[in-house]
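Report on one structure; see the data block that follows.
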Amino acid sequence: MSETKRKLHLNVFLRAAGHHEAAWRHPEVHPEGDLDIHYLAKMALIAEGGLMDSVFLADGYAGRTAKLEPFTQLAALAAVTRHIGLIATVGTVYNEPFHVARQFASLDHISGGRAGWNIVTGAGDASHNFGRSAHPELTERYINAEEFVEVVKQLWDSWEDDALVYDKGAGILIAENKIREINFKGNRYTVKGPLNIPRPPQGYPVLVQAGSSEQGRELAARTAEVIFTAQQTFGAGQAFYTDVKARLKKYGRSADELHILPGLSPIVADTEAEARDIEAELNGLMDLPKALQAMSERFDVDLAAYPLDGPVPLDKAKSAEAFNGIRSRQEVILDAARREGMTIRQLIYRHAGGHGHITFTGSTLQVADFIEKWFREGASDGFNILPQTFPGGLDAFVKKVIPELQNRGIFRTAYEGRTLRDNLGLVRPSNVRSVV
């Protein structure tokens, strides 16, 4: 196949065990690795060896987890990698703009311009950990997020790019006239500034957004440069891609200024039969009654009252509009169940394999065909890869699928530049608050 100028982008969602619900029970998996920076570094280096764009970390502020805080982890990974991007999830509900601006500027300096911010509005209720009386409703969270991101960007712009002088002869360390207060006064935040660290090497770390709701699509069109989404069928993927790209024009943006990367949780082997065996092994490790209960709670309907191999009772499920969590995920799960006529068992296995993202089990060629179809036919600009097991699932994808994508001329054979922006083909933003 002839070389094409447009290349797809591949990001990997790091998780020590893998993204299948039962992966931690697999004999070849190391769930304790989430607290082992040396193990996590090996995963990042496998991804970098495959020329993937970035590693991505999810995060939250409630519940019981056994994983490292993203900034700490990514700063450590920055020291042992050279090219791969480092994307941290940071919510806008339970943080302050000044803290976030400073932390991302620090990570971008530490990594030499490889930081990215996955902007989330805080679907998980953590009000009890922050002295709040209640978790904000979805609309309020998005309104807050817009102002939050604006404050952060202004803080990054509070330093001119050449504010650091280091002129020993003249005795000038910093050009004070190239640092300015932002004096931001909004409906939710009042921030004087300036930031107490120079502007990030990338100008702004790459701005990523993960919501697919109506509010999320609009925020992405206005602000984001990458969007992680969760459409599970090709038709839904095309519709989402077309809709979000069409929204860019009203914000003075072109289609190539926003990359749309659905989540893809693959199981890949030399043959489809081998891949199916891996899938069956993982599904066999599941606690099915527990998974059924969790899915029942998610949809607010007792699925145990229905035949496991009967159709999903879609008419009984809680509507997305009544859901104050990740509403877009609720929508795509329901949409996939409806489009494919899933049974309850199929729904549970699908969700177990990728947290509501696309799952695909097949041979190297089948996985490559799947990716190429979405990429070439207007459903994605690439994928956020969620291997169902680590390290085996990631290693198989890098060693089998990526060379096939390179052979088809749709994936890079070398990194394009030094920064994450370079490798994503994104322009470094100018300082909009420059002193004239």
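The values are calculated or read from the model by the stated rules, or taken from the named source; none is laboratory data. Everything numeric here is computed off the predicted structure, so don't read it as measured data. Heads up, the Cβs are rebuilt from the backbone with ideal geometry, glycines too, and the neighbour counts pull from every protein chain shown. The area values use the complete protein model at the heavy-atom level, side chains included, leaving out ligands, DNA and RNA. Shrake-Rupley method; radii C 1.70, N 1.55, O 1.52, S 1.80 Å.
If you scan the stretch 390-411, which residues turn out to be within 24 Å of Gly425 (Cα to Cα), of a type in the set (Phe, Trp, Tyr) and in contact with a Gly (Cβ under 8 Å, 6 or more places away or on another chain)?
First pass over the stretch 390-411, keeping only residues within 24 Å of Gly425 (Cα to Cα): 397-398, 401-411.
If we keep only those that are of a type in the set (Phe, Trp, Tyr) too, we end up with 397, 411.
Listed by number, the list holds a single entry, Phe397.
Here's the yes/no breakdown for (1) within 24 Å of Gln215 (Cβ to Cβ); (2) among the β-branched types (Val, Ile, Thr); (3) under 34 Å from the mean Cα position of the chain (by Cα):
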residue: Ala134; (1), (2), (3): yes, no, yes
residue: Glu140; (1), (2), (3): yes, no, yes
residue: Asn144; (1), (2), (3): yes, no, yes
residue: Glu147; (1), (2), (3): yes, no, yes
residue: Ser158; (1), (2), (3): no, no, yes
residue: Asp161; (1), (2), (3): no, no, yes
residue: Tyr166; (1), (2), (3): no, no, no
residue: Gly169; (1), (2), (3): no, no, no
residue: Arg180; (1), (2), (3): no, no, yes
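For the stretch 26-116, which helices (runs of 4 or more DSSP H) that fit wholly inside it have 2 or more residues that are in contact (Cβ under 8 Å) with a residue 60 or more places away in the chain?
By residue number, 37-49, 97-111.
Quick check: anything in the stretch 118-134 more than 17 Å from Asp157 (Cβ to Cβ), part of a helix (DSSP H, G or I), touching a residue at least 60 places away in the same chain (Cβ under 8 Å) and open to solvent by 40 Å² or more (accessible area, probe 1.4 Å)?
Looking through the stretch 118-134, at least one residue is more than 17 Å from Asp157 (Cβ to Cβ), part of a helix (DSSP H, G or I), touching a residue at least 60 places away in the same chain (Cβ under 8 Å) and open to solvent by 40 Å² or more (accessible area, probe 1.4 Å).
Please pick out the residue among Glu218, Glu281, Glu274 that is in a helix (DSSP H, G or I), at pLDDT below 95 and acidic (Asp, Glu). Talk me through it step by step, then tell me what you get.
Numbers: Glu281 fails: at pLDDT below 95; Glu274 fails: at pLDDT below 95.
Of Glu218, Glu281, Glu274, the one residue that is in a helix (DSSP H, G or I), at pLDDT below 95 and acidic (Asp, Glu) is Glu218.
For the stretch 284-313, how many residues are exposed (fewer than 12 other Cβ atoms within 10 Å of the Cβ), within 14 Å of Ala337 (Cβ to Cβ) and out of contact with any Ser or Thr (no Cβ under 9 Å at 6 or more places or on another chain)?
Final tally of qualifying residues: 0.
Considering only residues that are farther than 15 Å from Ser212 by Cα and part of a helix (DSSP H, G or I), look in the stretch 236-261 and name the one that is most open to solvent (accessible area, probe 1.4 Å).
Lys249
Taking only the stretch 35-83 into account, find how many residues are of a type in the set (S, T, N, Q), open to solvent by less than 70 Å² (accessible area, probe 1.4 Å) and either at pLDDT below 95 or out of contact with any helix residue (DSSP H, G or I) (no Cβ under 8 Å at 6 or more places or on another chain) (or both).
Initial filter on the stretch 35-83 (of a type in the set (S, T, N, Q)): 54, 65, 72-73, 81.
When the remaining residues are screened for being open to solvent by less than 70 Å² (accessible area, probe 1.4 Å), the result is 54, 73, 81.
Now restrict to residues that are either at pLDDT below 95 or out of contact with any helix residue (DSSP H, G or I) (no Cβ under 8 Å at 6 or more places or on another chain) (or both): none.
The total comes to 0.
Looking at (1) in contact with a Gly (Cβ under 8 Å, 6 or more places away or on another chain); (2) over 26 Å from His109 (Cβ atoms); (3) not small (Gly, Ala, Ser), find the lone condition where Tyr61 falls short.
Tyr61 satisfies every listed condition except (2).
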